[in-house]
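Some notes on the structure that comes next.
Read the figures in this text as sums done on the coordinates, not as results from a lab. Bear in mind that the values here come from a model prediction, so they are computed numbers and not experimental data. Neighbour counts are summed over all protein chains in view; Cβ atoms, including those assigned to glycine, are modelled from backbone coordinates with ideal geometry.
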Amino acid sequence: MTRIFIMFILFFTVMTPVTHAQLVQISDLTPAAFYSQMNQALRASFTDSNNTNSFEPLSKGITMSADADYIAYMTGLKNGRYGAVVTLYANRAGYVSKVTVASLDDDKNAFQANLLSCYVIMRAVGLTEAETQQLISNSNQATSSIWCSRSNRRIIFSMNKQQPNIAYMRFLAADK
């Protein structure tokens, strides 16, 4: 009887497919290539040739320790006096794993730069215009997600408030 019970347990633990999604890198691009995609998406989002929005140059990689899981790369998008800070986190393989955007939420220009940065990131990860619009329309919740048909992964978008006046957005990806 014990053998049957053990065989039963082994069968379901080994043969049953795992249904839990695993976090994966958000892009198969290096930080420099992803930054380039963000700039292309930014230029494409404006039909006005007088648009002056541009990302600041991408920083060199920043690590907190020699054995850190991620290397951070930072850029910013200014809108007037203030703007938004975009951080690309690259895994040890050199690909962008997650992205964050932070700005003041009590300054109109800074928050607009934050929203524009988020839109550009959605486009840079490969979301179509329809997928981008659907993800944005679901963003009244703290976390929303959508399957990205181009990159074959689920893009997870979360937003919250840090401190009393910092808008913080985060992009992750999952395999299901």
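Backbone geometry of region 35-41 corresponds, through the Karplus equation with coefficients 6.51, -1.76 and 1.60 at θ = phi - 60°, to 3J(HN,Hα) couplings of 4, 4, 4, 4, 5, 5, 5 Hz, x marking Gly and Pro.
Couplings 3J(HN,Hα) of region 116-126, computed from phi: 5, 4, 4, 4, 4, 5, 4, 6, 5, 6, x Hz, in residue order, whole Hz [Karplus 6.51 cos²θ - 1.76 cosθ + 1.60, θ = phi - 60°; x for Gly and Pro]. What the phi angles of region 167-176 give under the Karplus curve with 6.51, -1.76 and 1.60, with θ = phi - 60°, is a coupling list of 8, 10, 10, 9, 10, 10, 9, 10, 8, 9 Hz, glycine and proline written as x.
If R0 is taken as 25 Å, the Cβ-Cβ distance between LYS108 and GLU56 corresponds to a FRET efficiency of 0.80.
Seen from every direction in turn and averaged, the convex hull around the alpha carbons of region 36-105 projects onto 5.8 nm². Dividing the mean sequence gap of close Cα pairs (under 8 Å, 6+ apart) by how many residues region 58-138 holds gives a relative contact order of 21 percent. For region 68-175, the gyration tensor built on C-alpha atoms gives an oblate shape. Its axis ratio a/c (a ≥ b ≥ c) is at least 1.5, and a/b is not larger than b/c.
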